[in-house]
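The values are calculated or read from the model by the stated rules, or taken from the named source; none is laboratory data. What you see is a predicted model, and the numbers here were worked out from it, not measured in a lab. FYI the Cβ positions are ideal-geometry reconstructions off the backbone, even for glycines, and counts take in every protein chain you see. Only protein heavy atoms, including side chains, enter the accessible area calculation; ligands, DNA and RNA are left aside. Shrake-Rupley method; radii C 1.70, N 1.55, O 1.52, S 1.80 Å.
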Amino acid sequence: MPLGSALEVVLLSFALADKINILKKEKESEQLERLRVLKENESLIREQNTLLEDKVRLRTDELEQALRNLQNTQSQLVSQEKMASLGQLTAGIAHEINNPINFVSSNIMPLKRDVADIMEVIEFYRNTANNEFTPESIKKAKRLEEDLELDYVLEEVDQLLKGMEEGAKRTVEIVKGLRLFSRVDEQDIKKVDLHDGINSTLILLNSSIPGKIRIVREFGELPMVECLAGKINQVFMNIINNAVHALSDHIDEINDPKIEIRTKSLGRLLS
């Protein structure tokens with residue numbers, strides 16, 4: 001019996017140890033399964049976070065682009081409003097200048113005729129004096145002419161009239177250029193002469209173009225072009241102004257600085 005009891009105890013110990021090992025293995029397997037599930041969840045969470053970050057980044061880029069577009073649109077609207085106001089102001093100034101300059105230019109020719117008549121009368125008096133005036137009167141007349149510097153005065157009057165006529169013509173051209181260029185406030189597409197726009201732009205830029213730079217115009221025959229006159233004039237001004245600045249930066253290095261403007265019709269295409 002003691003031997004049987006001892007054997008029973010040994011067998012029970014083996015059975016208990018085997019049961020403990022089984023439970024231990026089951027627990028380890030359960031822990032490994034939990035760890036695997038945790039790793040899968042962690043990997044899934046990382047993937048979801050990456051996907052969410054990409055979506056947030058994409059949405060942020062879209063919002064930033066939308067903001068830039070909005071800012072550009074706002075700047076364009078402000079620029080258009082400023083240009084429209086500038087066009088209205090320029091048109092008003094051109095209209096106000098046009099009235100007095102028309103008065104001056106229209107009166108130059110009658111004034112030249114009147115001065116020519118006066119000079120004809122003076123010449124008649126000079127010729128008549130030699131035959132009908134007394135020697136003493138002739139001396140007094142010549143002395144008076146010398147004191148008044150009549151010959152110089154007559155020559156100066158002629159030069160002044162030429163200068164007034166040239167200045168009036170120049171002012172008329174400037175006013176015309178202002179009136180043409182001031183169409184920046186026009187929002188309707190209409191047929192315009194591109195040469196008028198180029199000429200008006202050159203008139204307005206004339207004071208900012210150095211004297212060394214020559215402007216060469218080779219205009220061909222162009223049809224009327226449907227466009228926004230004010231916008232196309234701005235294009236001409238930007239292009240010509242950039243050319244002037246480019247030449248001005250190296251004007252001492254160029255033998256013959258010049259800007260050549262050519263136009264020609266190529267069927268339906270214009271260049």
Only one of (1) modelled with pLDDT of 80 or more; (2) over 23 Å from Thr171 (Cβ atoms) fails for Gln187. Which number is that?
(1)
Scanning the stretch 31-50 residue by residue, those open to solvent by 90 Å² or more (accessible area, probe 1.4 Å) and either in contact with a strand residue (DSSP E or B) (Cβ under 6 Å, 6 or more places away or on another chain) or among the β-branched types (Val, Ile, Thr) (or both) turn out to be Ile45
Tell me which residues, restricted to the stretch 242-271, are surrounded by 15 or more Cβ atoms within 10 Å (Cβ to Cβ) and touching a helix residue (DSSP H, G or I) at 6+ places or on another chain (Cβ under 9 Å).
Val244, Pro257, Ile259, Ile261, Thr263
Do we have Thr128 as hydroxyl-bearing (Ser, Thr, Tyr) and touching a residue at least 24 places away in the same chain (Cβ under 8 Å) here?
no
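For residues in the stretch 202-241 being among the polar types (S, T, N, Q) and surrounded by 14 or more Cβ atoms within 10 Å (Cβ to Cβ), which is nearest to Lys176 (Cα to Cα)? Spell out how you get there, then give the answer.
Our first condition is that a residue be among the polar types (S, T, N, Q); within the stretch 202-241, this holds for 206-208, 233-234, 238, 241.
If we keep only those that are surrounded by 14 or more Cβ atoms within 10 Å (Cβ to Cβ) as well, we get 233-234, 241.
Working: Asn233: 14, Gln234: 16, Asn241: 20 Å.
So the residue we want is Asn233.
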